[in-house]
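Let me begin by presenting the structure, written as structure tokens, before commenting on it.
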Amino acid sequence: MKRKLAAIGMAFCLMTGTVSAMGIEAAAAEAATVTGTVRSGTTSDLLLLSTKEGNMEIKLDSGTDTSGCKFLLPGSQISVTVTHGSDEYLHATKLSGSTTVTGVTVDTSNASTVSGSVSEKTKDGLLVLKTAQGEMEIKLDTSTDMSGCRVLVAGKTYSVAVARGSDAYMHAVSISDSVAASSSAAAAGLTPAPSGTVTAQLTTVTGTVGDKTKDTLLYLVTSDGTMELVIDSYTDSRNGMVLTPGRSLTVTCYRGSDAYMHAASISSTKTYGGLVTIDTNTSTVTGTIGSKSTENMLYLTTQQGDMELKLDAVRSVTNCKVLVEGSRVSIVCARGNDAYMHALEIKGA
């Protein structure tokens, strides 16, 4: 159940110095401390906390001291110093919790920036970030600079400077609130966000990629028939770039002033198998996208033959909005310790 601390309840707790009824330990004449587990749905403004006695809602204000706990992720154990506000909500004055992660040697000289939203799968010092290329697992260290954000919550988008550590994982060098996904994506060399804002009424549809799809027009086969969706500068394709026949997609679309339906965003399912060690010796190959390509594996036809390249380590995509069958691309790649070649940079040829 949701619990606001009513004035009479707070007065009782502060008078008796106990919280047998509310789960709060009196800390001072006007403040108290509560300990519990962060619940799903927590935002940067409202902390949802589960205690032994029930669920609580605690407001986070601009003056809340978050220096002792930046990670408000589902399942995290934290302590919160609270006061009772005139709006009958509890307000957090200070957060405390564990933010330590074992440190390793991190190559900060080769850091890059990615933007994505925090997955609820994040736990135990391992940040799972939903990016344009899929989910990334990023370790959090005691040295991670968190000065650029108040708190880290699930579902919110952040810019993360990452670098590879000696344990083969990517590590967060710094994390900051993402002011604009497009600017952070551009800093990382990733596919940029749309150049404008769509204000028309949006509709979400699901279906599979049709055979006639090209880089400017998506044919989406749905249960109600085949839709033609324009792909333009407004389309956010970062979560669904590979448009080969039969791929399942979710598309948010709107009717343009030209009477065509336009794709506002394209999303596709991508699996993530964890990070691997990738050789520093790279090579560049040029070829065309094969029909079997997915968000996980790119099948490339080159003059030397067919190649399979994993898409779990892509750090740069330029000169192309989507990848369709027959698209010609140039790819910087390297071999991983899983024996696969991994695409690192993709450029439309």
In terms of the alpha carbon gyration tensor, root eigenvalues a ≥ b ≥ c, rounded if a/c is under 1.5 and otherwise prolate when a/b exceeds b/c or oblate, region 257-335 is prolate
Of the residues MET307, ASN281, GLY348, the Cα lying farthest along the dipole of region 247-349 towards its positive end, which is defined by charges on the beta carbon of Lys, Arg, Asp and Glu, belongs to GLY348
Quick tally, 1.4 Å probe accessible area for LYS292, LYS59, sorted with the most first, runs LYS292, LYS59
Mean projected area (nm²) from the convex hull of Cα positions in region 46-117 is 7.1
Residues other than VAL332 with Cβ under 14 Å of its Cβ, Lys/Arg counted +1 and Asp/Glu -1, net out at +2
Put SER67, SER223, SER115 in order of accessible area, largest first, probe 1.4 Å, and you get SER223, SER67, SER115
With all protein chains present, region 298-349 has a carbon and sulfur share of its accessible area (1.4 Å probe) in percent of 43
Of ARG255, ARG150, ordered by accessible area with the largest first and a 1.4 Å probe, the sequence is ARG255, ARG150
Contact order relative to length for region 275-327, counting C-alpha pairs under 8 Å separated by 6 or more residues, stands in percent at 32
Of the listed pairs LYS130/LYS292; LYS121/LYS212; LYS139/LYS347, those with alpha carbons more than 27 Å apart are LYS121/LYS212; LYS139/LYS347
For region 48-122, the per residue accessible area (1.4 Å probe, Å²) is 46
Expected vector for region 31-36, Karplus 3J(HN,Hα) from phi with 6.51, -1.76, 1.60 and θ = phi - 60°, integer Hz, x for Gly and Pro, equals 9, 9, 10, 10, 10, x
Taking a label point 7 Å from the Cα of LYS212 along Cα-to-Cβ, the residues of region 228-251 whose backbone nitrogen sits under 16 Å from it are 228-231, 245-246
For THR35 and ALA349, extending 7 Å from Cα along the Cα-Cβ vector and measuring point to point gives, in nm, a value of 6.2
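The values are calculated or read from the model by the stated rules, or taken from the named source; none is laboratory data. Worth saying up front: this structure is predicted, and the values here are computed from it rather than measured. All Cβ positions, even for glycine, are placed from backbone atoms using ideal geometry, and neighbour counts span all protein chains on display. We work out accessible area using only protein heavy atoms, side chains counted, and drop any ligands, DNA or RNA first. Shrake-Rupley method; radii C 1.70, N 1.55, O 1.52, S 1.80 Å.
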